[in-house]
Structure formats: structure tokens, C-alpha cells
Amino acid sequence: MTLQDVLKEAFNMKDSEYTDAQSLMQLEDWDSMNHMVFITQLEEVFGVELSGDEIISLETIGDVKKLLDRKGKTEKI
């Protein structure tokens, strides 16, 4: 499962929305509950644990990619 797959499951994201600049909060199906589902799936799929500060810093898809890269999880991005 890739980051794009996780985003599609959590937010019903369209392929055209998958850009680094895309704001997570601007996705059509974004709400706080779906955001928590996304974080949980992200942690499970990529085998990472995110701190509160890291979660708060995730504003765009690019932010998510950078965080996963810093955690050495670029193979699924």
C-alpha cells in the first residue's frame, strides 16, 4: 500500500489531487475523524509512530512525504 492508497482510503481523494502542494484540509472528504483515520493508517502501513507535533505539522501531501522520508520510509511514498 502506498501513501496515495492511504489518502484515497481516508479521504476518497482523486488522483488529480495527489500533488505535494495539496492541502489535506482542502480535500473534499476531510474532517477531523477522517484525519485521525488517516494518521492511524499511515502509522500502520508505514510502521511509524507519529508524535503530536509531527501530526500537527502535516498540512500538505508534501509535508507527509517529507516526514516519511525523514523516517526512512520512502519506498512506499
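Quick note: the coordinates plus some simple rules give every number you see, no bench work behind them. Just so we're clear, the structure is a prediction, and the values are computed from it rather than from any experiment. Here Cβ is always computed from backbone atoms with ideal geometry, including for glycine, and neighbour counts include all displayed protein chains.
Just need the relative contact order of the range 3-76 here, percent rounded to a whole number, with Cα pairs under 8 Å and 6+ apart.
Numbers: 61 pairs, mean separation 26.5, N = 74.
Computed value for the range 3-76: 36 percent relative contact order.
Show me the helices of the chain, taken as full DSSP H stretches, that run 18 Å or more along their long axis by Cα and average 0.0 or above in Kyte-Doolittle hydropathy. Don't skip to the end; give the middle numbers.
Values: long enough: 32-46 (21 Å, 0.49).
Counting only whole DSSP H runs, the qualifying helices are 32-46.
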Give, as a single signed number, the net charge of other residues whose beta carbon lies under 11 Å from the beta carbon of residue 27, with Lys and Arg counted +1 and Asp and Glu -1. -2
Equivalent ellipsoid semi-axes for the chain, as square roots of 5 times the alpha carbon gyration tensor eigenvalues: give them largest first, rounded to whole Å. 17, 14, 12
